[in-house]
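Presented below is the structure to which this report refers.
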Amino acid sequence: MTHAPTQTATTLTDPQLPQVHEPRNAGMPLDLDWVARVQANTSAIERRAASLPGRRTVKKTYQAAWLAKAITLIDLTTLAGDDTPGRVRRLCAKARQPVRADLLDALGLPPITTGAVCVYHDMVETAVEALQGSDIPVAAVSTGFPAGLSPFHLRVAEITESVKAGAAEIDIVISRRHVLTGNWQALYDEMKEFRAACGEAHVKAILATGELGTLRNVARASLVCMMAGADFIKTSTGKESVNATLPVSLTMVRAIRAYEAATGIKVGYKPAGGISKAKDALVYMALMKEELGNRWLQPDLFRFGASSLLGDIERQLEHHATGAYSASYRHPMA
Amino acid sequence: MTTREIFETMDYGPAPESDTEARAWIAGKGPAFGAFIDGVFAKPGETFATRNPATGAELARITQSSTEDVDKAVAAARRAFPGWSKLSGHQRARHLYALARLLQKHARLFAVLETLDNGKPIREARDIDVPLAQRHFYYHAGLAQLLDDEMPDHAPLGVCGQVIPWNFPLLMLSWKIAPALAAGNTVVLKPAEYTSLTALLFADICREAGLPKGVVNIVTGDGRTGEALTTHPDVNKVAFTGSTEVGRRIRQATAGSGKSLTLELGGKSPYIVFDDADIDSAIEGLVDAIWFNQGQVCCAGSRLLVQEGIAADFHARLKARMDKLRLGDPLDKSIDVGAVVDPVQHATITRLVDRNTEGETYRAATPVPEQGCFYPPTLITGLSPAAPLMQEEIFGPVLVSTTFRTPSEAVEIANNTRYGLAATVWTENLNLALDVAPRLAAGVVWVNATNLFDAAAPFGGVRESGFGREGGWEGLLAYLEPALKTKPLKPVDPVPAPDTPDAPGLDRTAKMYVGGKQARPDGGYSQPVWSAKGRLLGHMGLGTRKDIRNAVEAARGAAGWARTTGHLRAQILYYIGENLSARSAEFAARIRDLTGVNAKTADAEVDVAIDRLFTYAAWADKFDGTAKSVPIRGIALAMTEPVGVIGALAPDDAPLLGALSLIAPAIAMGNRIVLVPSYAAPLAATDLYQVLDTSDLPGGVVNIVTGDPADLAEPLAGHMDVDAIWAFTPHVGAEAVEKASASNLKRSWVHDGRGIDWMGKSGEGRRFLQAATEVKTIWVPYGE
């Protein structure tokens, strides 16, 4: 690949996390030859994914440090019909202080926050207000989330509204039908327009991989969205019957690697839905480290879309600090 | 490091598996170990150290078993044999099931002990070796259970002497012991001297399982012990996994001994990547192919063949992947590549790589521990097929690579080797995969995967990778023999020239039959053939090694026969039968003249010959492969393929039927054959070529070289372009034939001094078809 996209550097505020920022992905012209060449052998990908948990593990202090890191990678999420400002404020408070301070002290860790808070558009203002002074970005799911079947102009307008309301990150949903019918041009155009509407806000492209049918489609859709300028590619809305899986993740991070090899641009990855155990989070982090490198273990390039993961990590951290297994009620709820 | 520092560096850190229990077992049962004979551990004799290759530290002391120890072990196995073989299949199944369960219960102990002794990463011992070993015993418990019903008229061979390598100590033990026991044999097994510990632990669990004394015996020691075992006169079956060099010595040493032999030897297996493959997955596959077990795998995909157009990109991505491999303490759970087994092996790998002057050598940019037997993952690109490293087995973490242009060229390069164990093909094109897989000279082919193993799927090689299969019903056959009616084999010599020869009017000269044409003997000598009553029947050309050469060349040239359909081969066999039938009176008369039998006997022989042709015409499209039930989403096809060129020395008795009983199964399965007919009565076979000529059989498929088998057997058995040798002539001893066959380790099927009743059912059937075919296991995982 010889495409050299123009790079737009952005400056973000510097929160307490060791944030490092890369040039944003400006995208590149749609390269249909490349898209057509993409292969994904499901059985082989599944075998690699199945053996990964047995190939890498972290123990003791290392595990504690990795779990603390995992917290900084979480997009703490609430996407429920019964969300209220009160509920969202509680979530934001948890995002600011995800782990009891005494536990962090015991483990010798600095104060940490989650990577972001992720809500629906109507809750953006509340979240931004609740997180004021924290440097925790607010992410808004958008574009007719989760199905993405509302009128196109309304989907674009929804992005604009959320950005206006203070969202720093927009999680858009792609039109699955474009993938399922092989209409890559349409997918590219749609993504490009979403990206433009986001302006300075970073855009995460939700592929809804559980609805794309094949890993080959996942790989191709990943590539097209990156060509159209996605800052992140993300597996799922959390509303499909199958959400983030290791084989899907392997497929997508390999696409990220190929895109970087061709363009020099690092695109972020966000698995979402179904990751609720500390142990699972560690496997995903090992996957990122193995396939893409340590650079993808920072919140500007890797996020977990999760709601219940934090609770399990808190209990594991207390186990590290005390040597005794913990109980969920010992940790403040969101 | 502090939590805070790790939070920044995000290193993995150490994750050691505890070796406390394994060391406690060594201390408790050892630390010096004697052989396991007749259900008890003998007192240690002269011992040597077994070491942890990752540290060089001594783990235990192992007895160098003496010839007397081997004698005792074989005697114990012999004593145990009658009782064990008389158990019902179900009773043996219960024992095998108990062993499987105990392997499961002690899984971690086996895994840790294996890693300590061998240096392989604990992940591999824990997730691959030990589960596969368990699976092998479960599967063979099932075979034992079904054996009585499914394989009646088969009997175990007796005492098996088994010698296994150090790369998969427990797994190879399982591959050897499980089928032997299931079939009703008893066993004396010798583990490799570097890695005896898991075999001794297995001996320990045999006692826990309540296995009868003497059914399994373990003798430890080096090659001397192995030699004493494989040449022991009271051993009926030798099974060996190891180097081609030692395999060849065993072939020579056991030649003519009547011992059944299976060999699983070296390889230089091709790993072919087409330009439409899922490249990242193909690269990940290489990690499992050549960096699995430090590359010390007989079927390692060690020869990378990449389509030229993608080679540069492929190599660049491969190098990046190599840099991610972690070398180090094999007991660490996050280690990809452990220690090679011994400093001797390390020195061999180093020497082979250092000697290479071609191409570009890349060593993974990953830290290599300073202490211990560690060799970095290495890739050598830009080699030509002529480079020694493209031909020689390195048996280490070293991958060599070349490129190809077309599928046919890929096959040609892949097959340009003395070995034929395994092959891997990566392509997303089903047409291409299923076209290429059958064309590869290998016993196992993996499509879009590599190093998949299962007890249900036959494993084994062709060419100098050995013969025999392990796994599945096919593997069980290597531990059974059909119960057959045989009679002592007596040579029939040509009728000597009478004092007053009766020479008839017009000379009819029988020539040899080579490449579909009649050929005069290269040496220019002939010998008269006299009837039993002293009448000159004609002459037979006295063949020499050059006639053998010409015939083999013609047979090799008729490769198209292997690609014809079973239906077509059936048609031709029926046609041969039809034409023979039309001339049955003439053939019967010939038999009477040559052998002096009465008309009834001669007629009967011709009738059975026609019947036999029909039998194999029937089989031509029915000796099916099977789809194995392996635990993956995918299929493992055990396909039957022709062996290739078969050299056959026909029996003396039944001069027509004996020859046809070898020719028909061979050509029915797609082989070409070079036949040396009955010495005493060659004209019954040479008359056949007129029948063959009129039956649409392509030239070169059947070749007939007449002469003294004593002169022809060795050139034929030793010819390196012959893939199997069948010797039923009483004029040549089995020893000479099998010794000569070691040249290219061809499969041999020789008489044991007893003759087959060609007129009866024992003269045909599956046994012949199995000898005429190789089983190739093609693994095709699927899923989109």
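Read-outs: derived from the displayed coordinates by stated rules, not from any lab. Keep in mind the model is a prediction, meaning the values are calculated, not measured. Positions of Cβ are generated from backbone atoms using ideal geometry, with glycine treated the same way; all protein chains shown enter the neighbour counts.
Using a Förster distance of 56 Å, how high is the FRET efficiency between B:GLU46 and B:SER384, based on the Cβ-Cβ distance and rounded to 0.05? Efficiency for this residue pair is about 0.70. With both labels modelled 7 Å from their Cα along Cα-to-Cβ, the B:ALA365 to B:ALA559 distance reads 4.3 nm.
For segment A:162-253, GluC sites (Glu not before Pro) meeting the loop criterion (DSSP other than H, G, I, E, B) and having at most 11 other Cβ atoms within 10 Å: A:GLU200. Counting neighbouring beta carbons within 10 Å and listing from fewest to most, the residues A:ILE71, B:ILE128, B:ILE310 come out as B:ILE310, B:ILE128, A:ILE71. Against the main long axis of the alpha-carbon atoms of chain B, helix B:89-105 sits at an angle near 30°.
What relative contact order, as a whole-number percentage, does chain A give when Cα pairs under 8 Å and 6 or more residues apart are counted? Each step should come with its number before you reach the end.
Details: 642 pairs, mean separation 73.4, N = 334.
About 22 percent, as a whole number.
Relative intensity of the protein assembly as shown on a log10 scale, I(q)/I(0) at q = 0.04, 0.05, 0.06, 0.09 Å⁻¹, equals -0.27, -0.41, -0.57, -1.06, per a Debye sum over C-alpha point scatterers of equal strength in the absence of solvent.
Kirkwood radius, chain A, all distinct C-alpha pairs, inverse of mean reciprocal distance: 19.9 Å.
Could you list B:ASP607, B:ASP354, B:ASP69 so that the one with the fewest beta carbons within 10 Å of its beta carbon is first and the one with the most is last? Working shown, then result.
Working: B:ASP607 15, B:ASP354 9, B:ASP69 24.
Fewest-to-most Cβ neighbours within 10 Å comes out as B:ASP354, B:ASP607, B:ASP69.
If one computes the Cα centroid of segment B:166-233 and of segment B:324-396, what distance in Å separates the two points? If you average the Cα positions of each part, the centres end up 30 Å apart.
Less than 17 Å from a label point 7 Å out along the Cα-to-Cβ axis of A:ALA101: which backbone N atoms in segment A:309-332 qualify, by residue? Residues A:331-332 qualify, since their backbone N sits under 17 Å from the label point.
Highest mean packing first, where packing is the average number of other Cβ atoms within 10 Å per residue, the peptides B:222-230, B:716-724, B:531-539 line up as B:716-724, B:222-230, B:531-539.
Maximal additional length on extending the B:LEU506-B:THR486 stretch stands at 3.1 nm, based on 0.36 nm per residue less the C-alpha distance. With r as the distance between the Cβ atoms of B:LYS324 and B:ARG351 and R0 = 30 Å, compute the FRET efficiency 1/(1 + (r/R0)^6) and round to 0.05. Taking R0 as 30 Å, the efficiency between B:ARG351 and B:LYS324 is 0.60.
One-quarter of the Cα convex hull surface for segment B:47-120, in nm²? Let's see the in-between values first.
On the way: hull surface 27.3 nm².
The directionally averaged projection comes out at 6.8 nm².
Separation of segment B:546-617 from segment B:452-479 is 32 Å, based on Cα centroids. For segment B:229-245, backbone phi angles converted through the Karplus equation (6.51, -1.76, 1.60; θ = phi - 60°) give residue-by-residue couplings of 6, 6, 9, 5, x, 9, 9, 8, 9, 10, 10, 9, 10, x, 6, 5, 4 Hz, Gly and Pro being listed as x.
Taking the DSSP beta bridges with both ends in segment B:644-750, the antiparallel portion is around 0 percent. Each of B:MET151, A:MET288 was scored by other Cβ atoms within 10 Å of its Cβ. Listed from fewest to most, they are B:MET151, A:MET288. Of all DSSP bridge pairs formed entirely within segment B:371-516, close to 10 percent run antiparallel. Per-residue 3J(HN,Hα) values for segment B:488-500, derived from phi via the Karplus relation 6.51 cos²θ - 1.76 cosθ + 1.60 with θ = phi - 60°, read x, 8, 10, x, 10, 8, x, 5, x, 4, x, 5, 10 Hz in sequence order (x marks Gly and Pro).
Here's how it looks for B:ILE380: its modeled amide H is under 5 Å from those of B:TYR362, B:LEU399, B:VAL400, B:SER401, which are all 5 or more places away or on a different chain. Across all directions, the average flat footprint of the convex hull enclosing the Cα atoms of segment B:556-595 is 4.2 nm². Projecting label points 7 angstrom from Cα along Cα→Cβ for A:ASP189 and B:MET1 puts them 5.0 nm apart.
For the pair A:ALA93 and B:THR406, label points projected 7 Å from Cα toward Cβ lie 7.5 nm apart. Less than 5 angstrom separates the built amide H of B:ASP708 from those of B:GLY543, all sequence-distant by 5 or more or on a different chain. Only Lys, Arg, Asp and Glu carry charge here, each on its Cβ (+1 for the first two, -1 for the last two); on that basis the protein assembly as shown has a dipole of about 1400 debye about its Cα centre.
Spatial offset of segment A:165-182 relative to segment B:643-722 amounts to 72 Å, using the alpha carbon center of each.
For segment B:509-578, what does the convex hull of the Cα positions come to per residue, in cubic angstrom?
118 Å³
Pairs over the 22 Å Cα-Cα cut-off, from the set B:LYS29/B:LYS176; A:LYS59/A:LYS270; A:LYS279/B:LYS333; B:LYS105/B:LYS333; B:LYS72/B:LYS176: B:LYS29/B:LYS176; A:LYS59/A:LYS270. Remark on segment B:461-611: ratio of C-alpha radius of gyration to 2.2 N^0.38 Å is 1.38. Gain on full extension, evaluated as 0.36 nm per residue between B:ASP607 and B:ASN431 minus their Cα-Cα distance, stands at 58.9 nm.
Within 10 Å of each Cβ of A:28-41, how many other protein chain Cβ atoms are there on average? Write down the numbers at each step before the final one.
On the way: counts 0, 0, 0, 0, 0, 0, 0, 0, 0, 3, 2, 10, 5, 18.
Mean partner-chain Cβ count within 10 Å for A:28-41: 3.
Other residues whose C-beta falls under 10 angstrom from the C-beta of A:LEU212 contribute a net charge of +1, scoring Lys and Arg +1 and Asp and Glu -1.
Residues whose amide H comes within less than 5 Å of that of A:ALA306, counting only those at least five positions distant or on another chain, are A:ASP75, A:THR77 (H built at 1.01 Å from N in the peptide plane).
I'd like the mean, over residues of A:49-55, of how many other protein chain beta carbons sit within 10 Å of each residue's own Cβ. Before the final figure, lay out the partial values.
On the way: counts 0, 1, 6, 0, 1, 9, 10.
Across A:49-55, the average partner-chain Cβ count within 10 Å equals 4.
Taken over segment B:663-778, the ratio of Cα radius of gyration to 2.2 N^0.38 Å equals 1.07.
Seen from B:ALA414, the other residues with C-beta closer than 11 Å to its C-beta sum to a net charge of +1, counting Lys and Arg as +1 and Asp and Glu as -1. Relative to the dominant Cα principal axis of chain A, helix A:42-55 is inclined by about 20°. Computed with the Debye formula from one identical point scatterer per Cα of chain B, without solvent, the log10 of I(q)/I(0) at q = 0.05, 0.07, 0.09 Å⁻¹ comes to -0.28, -0.54, -0.86.
Within segment B:385-426, list the residues whose amide N lies under 11 Å from a label point set 7 Å along Cα→Cβ of B:GLU308. Within reach of a label on B:GLU308: B:403-406.
Report the paramagnetic label zone for B:ALA155: residues of segment B:254-268 whose backbone N is under 15 Å from a point 7 Å from Cα along the Cα-to-Cβ axis. Answer for segment B:254-268: B:260.
Would you work out the charge dipole size for segment B:703-755 about its Cα centre, treating the Cβ of every Lys and Arg as +1 and the Cβ of every Asp and Glu as -1, and quote it to the nearest 20 debye?
160 debye
Within the protein assembly as shown, what percent of beta bridges assigned by DSSP are antiparallel, to the nearest 5? Show your work: numbers first, answer last.
Values: 44 of 130 bridges.
Of all bridge pairs located within the protein assembly as shown, approximately 35 percent are antiparallel.
Report, to the nearest 10°, how far helix A:60-72 tilts away from the longest principal axis of the Cα atoms in chain A, using its own Cα long axis and a range of 0 to 90°. Tilt of helix A:60-72: around 60 degrees.
What FRET efficiency comes out for the pair A:ALA196/A:ASP135, r = Cβ-Cβ distance, R0 = 25 Å, nearest 0.05? Walk me through the numbers on the way to the answer.
Numbers: r = 26 Å, r/R0 = 1.04.
In this case the efficiency is close to 0.45.
Mean per-residue shielding of peptide B:426-432 is 1, counting Cβ atoms of other chains within 10 Å of each Cβ. For chain B, a crude dipole built from +1 on the beta carbon of Lys and Arg and -1 on the beta carbon of Asp and Glu, taken about the Cα centre, is about 1400 debye to the nearest 20.
For A:ARG96, the shell of other residues with beta-carbons less than 12 Å away shows a net charge of +2, using +1 for Lys and Arg and -1 for Asp and Glu. Convex hull of alpha carbon positions in segment B:66-171: directionally averaged projected area 7.8 nm².
Converting phi to 3J(HN,Hα) with the Karplus coefficients 6.51, -1.76 and 1.60 and the offset θ = phi - 60°, segment B:63-75 yields 6, 7, 5, 8, 4, 5, 4, 5, 4, 4, 5, 5, 4 Hz in sequence order, with x at every glycine or proline. Along its first, second and third principal axes, ordered by size, segment B:2-136 spans 68, 39, 20 Å in Cα coordinates. Under 19 Å of direct C-alpha separation, and excluding same-chain neighbours fewer than eight residues apart, A:LYS266 reaches these aspartates and glutamates: A:GLU22, A:ASP31, A:GLU169, A:ASP171, A:GLU200, A:ASP231, A:GLU290, A:GLU291, A:ASP300, B:ASP280.
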